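First the structure, in the form of structure tokens, and then the observations on it.
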């Protein structure tokens, strides 16, 4: 029995779904070849006109592409579909990360406690997503980020790229400042430039800058300070891993998932966000 893939394109055995299923395994095919496949392999009495109509609808929907009167799946559509399904899977099957503890300081500031810096990153990403969803034309559209090492670009490059795509769609201006300049940090900076982020490296030897991570999202300020133990482990990792092809991602994953209490503060204050932005932009 052959595997048939069904999409929300109508009934399971609709001509549209059958055309799609055939093209997942054999391509490129012309209309007459598609028609014969449906008739012989699936035993479905279809007209050439019906196959043509279904195929052209898939072309219009950018599911398949046409070249020299033959049809194939659109690889860009496949890639985007995978991204959407991956995000849907996470949304449906993975629980939203909840902070261990929340301490409110007045109406503007909340302090969250987590058990690892990777937990912080996931919560941080949720905050960014919420900002995207609520962002409207005319809102303050500056996003600045300062980090000693942007390790998330190494472990989660797809997520970083997708985040930047959302920024561009909303016409948000994004800037990143790295305060370490190892060869690996420079590679991370190159990655950010390729996804159209303005980035600069301004080396700092201060203990504070080596541990301080801050991001602004409109009037929202998100910041944390890594414990000295993690600062040293990340510094050592970035110093000894000089080339991307030699990266030990398992070691990096162990560092960022290490069980250690870390606090994250979230402040809603436009003036504070603008002051932080000015400080970061002055170094870019």
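Read-outs throughout are calculated quantities, based only on the coordinates presented, and are distinct from any laboratory measurement. Everything numeric here is computed off the predicted structure, so don't read it as measured data. Methodologically, a virtual Cβ is constructed for each residue, glycine included, from the backbone with ideal geometry; neighbour enumeration extends over all protein chains shown.
Numbers at a glance
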read-out	value
Value of Rg to Rh for the chain (Rh from inverse mean 1/r over Cα pairs, i.e. Kirkwood)	1.11
Exposure proxy order (Cβ contacts within 10 Å, fewest to most) of 259, 82	259, 82
Size of segment 15-92 as Cα extents on the principal axes (Å, biggest first)	41, 27, 19
Computed [θ] at 222 nm, deg cm²/dmol, the chain (DSSP H ≥ 4; -39,500 (n - 2.57); rounded to nearest 500)	-15000 deg cm²/dmol
Order of 240, 274 - criterion: other Cβ atoms within 10 Å of each residue's Cβ, fewest first	240, 274
Whole-number percent relative contact order across segment 148-228, with pairs defined as alpha carbons under 8 Å at least 6 apart	28
Point-to-point label distance, residue 141-residue 66, nm (Cα→Cβ direction, 7 Å offset)	3.7
Rounded tilt (10° steps) of 183-194 against the dominant C-alpha axis of the chain	50
Computed P(r) (all Cα pairs; segment 217-268; 5 Å bins; percent)	4, 16, 22, 18, 14, 14, 9, 3, 0
Crossing angle, helix 117-134 versus the chain [Cα axis fit, 0-90 degrees, rounded to tens]	70
Cα centroid separation, segment 63-83 to segment 224-284 (Å)	39
Acute angle (nearest 10 degrees) that the helix 31-41 long axis makes with the longest principal axis of the chain, alpha-carbon atoms	80
Ranked list, fewest to most other Cβ atoms within 10 Å of each Cβ, for 261, 152	261, 152
